[in-house]
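Rule-based calculations on the coordinates, nothing more; no lab input. What you are looking at is a predicted structure, and each value in this text was computed from that prediction instead of being measured. Virtual Cβ from ideal backbone geometry, glycine too; neighbours counted across all protein chains shown.
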Amino acid sequence: MNASVRRIWLLLTAAVVLGCDSWDRDVPGFVVRDSAGIAIAESLKPAWMAGEGWQISTEPILDVGQMAGEEVYLFNRIRDVTRSGTGNVVVANGAPQEIRIFDSSGAFLRSIGRGGDGPDEFGRLAAVQARAADTVVALDVRRPRILAFGPIGNLLWSSTLATGTGSSMGSPASLVDGSFVVGWVANEREVLTEFRARPGTIFQWMVALVRYTPGGLADTIGVFAGADGAWVETPEVSERMVLPPLGRRELGFSAHGAQVYVGTGDGYQIAVYGLGAIPERIIRRGDLDLSTSQAGVDSVWNRRLAEFEDPQARREIGALSSATPYPEQRAPYGDIVVDSDGSLWVAKYRYDPDPPSHFDVFDPGGRWLGEMTLPEGFRVFEIGKDYALGVYRDELGIEHVRMYGLVK
């Protein structure tokens, strides 16, 4: 990420329930508790020994994207990437807004939709699903609607969604029944008004997770604490909302089958929800020291400061570092992704906005297996049985759709 982009981002970004314990004798350091029907799986150390674990290819097995040439291979603001059962790669491109479909070799097949207000157009294309018989389902979060397109790109049906008044956040998650889970910022204007009156205080954006069916029906999974924020005022920098160092970046959520995985960052735990409002399972890692210190916060600001030579930028960063509060407990993780087998990938926390590359992996039962490292600069959207699919931004800022081989 170049210095100007980093500067813009920096300045503008804004239940432990105890039951009967039974340590698994065959898996040292792993315990499953049951409390009021909620299974709590906690790991103290990884199951993989040194030299064990899954392997990711060092080079991509598919790379689509270029700096110049045919427009269909030029990507900008990719919102989502998925793979169909036939091996086609489906891309939700943000600018221009359209769905692009490529075959397994990366050759362009067709485009679907465009930006606009028409029946088959997008207000803000946010996510795509590749369904049976080459049907593509898309989520438009601005209008908002779910749209289904046939094999030749024809609109099959659309369904209008009811939403709240807040902004959508994060990448929507897809469930096996064709529904989408979307995060909406709750009471956005009220929160800004309240905390503009309390500069220097850390607050959390509240996010409502809503599941939308293809028929337009909505179920609220719950309202959860999302990203940390602080309103900062200094003589050197005009007032603005800032992400506190070591604070939570956003509400993490993903889906697999008929379950939704939610990570608020309140300790190292991820709750797994079905159709009810109470989690069915909680996955924990219990060996982390999440305490923060002034020295740790200073190191974050010093790394930022070292990226700038411009005296004005350095003065602004110095002013922000003095005025921005930091949390008593650092965020334990970043993004979460559930792969096609039901294994949970939890990104290790990083303060900068670059894609995470280090993940803790938990098996479908919630046991911590170990760590996986993905290529630097690669943002993963989907993990299958033998591949990881996502977006890579090269040193020139060009977006590529990439797939890496995965051996489990």
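Of all DSSP beta bridges confined to the chain, the antiparallel ones make up roughly 95%.
Compute the relative contact order of the stretch 209-318 as a whole-number percentage, counting only Cα pairs closer than 8 Å that sit 6 or more residues apart in sequence. In percent, rounded to a whole number, it is 16.
Each of 110, 402, 248, 33 was scored by other Cβ atoms within 10 Å of its Cβ. Arranged with the fewest first, they read 110, 33, 402, 248. Each residue of the stretch 219-225 is assigned a 3J(HN,Hα), and the resulting list reads 10, 8, 6, x, 10, 10, 6 Hz, derived from the Karplus form 6.51 cos²θ - 1.76 cosθ + 1.60 (θ = phi - 60°), x at Gly and Pro.
For the peptides 190-202, 169-181, 229-241, 135-147, residues were scored by their other Cβ atoms within 10 Å and the scores averaged per peptide; the highest-first order is 135-147, 169-181, 229-241, 190-202.
Between residue 120 and residue 258, what's the calculated FRET efficiency when r is the beta-carbon distance and R0 is 22 Å? Round to 0.05.
0.15
For the stretch 321-335, the residues whose backbone nitrogen is under 20 Å from a point 7 Å from the Cα of residue 198, taken along Cα to Cβ, are 323-331. Once the Cβ-Cβ distance of residue 142 and residue 298 is raised to the sixth power relative to R0 = 45 Å, the FRET efficiency obtained is 0.65. Each of 102, 345, 202 was placed along the dipole of the stretch 3-407 (beta-carbon charges, centred on the mean Cα), and the one lying farthest toward the positive end is 202. Across the stretch 148-268, the relative contact order, built from alpha-carbon pairs under 8 Å that are at least six residues apart, equals 21 percent. Modelled spin-label separation between residue 86 and residue 280, with each label point placed 7 Å from Cα along the Cα-to-Cβ direction: 3.2 nm. Every pair of different Cα atoms in the stretch 14-153 enters the Kirkwood calculation, which places the hydrodynamic radius at 18.7 Å.
How far, in nm, would the chain grow between residue 110 and residue 157 when pulled straight, counting 0.36 nm per residue and subtracting the alpha carbon separation?
Roughly 15.0 nm would be gained on extension.
Ranked by the mean number of other Cβ atoms within 10 Å per residue, highest first, peptides 326-337, 42-53 order as 326-337, 42-53.
Residue separation times 0.36 nm, minus the C-alpha to C-alpha distance between residue 55 and residue 103: what's the value?
Contour length minus Cα-Cα distance gives 14.8 nm.
Subtracting the Cα-Cα distance of residue 135 and residue 315 from their residue separation scaled by 0.36 nm leaves 59.5 nm. Using Cβ point charges alone (K and R +1, D and E -1), the dipole size of the chain about the Cα centre works out to roughly 500 debye.
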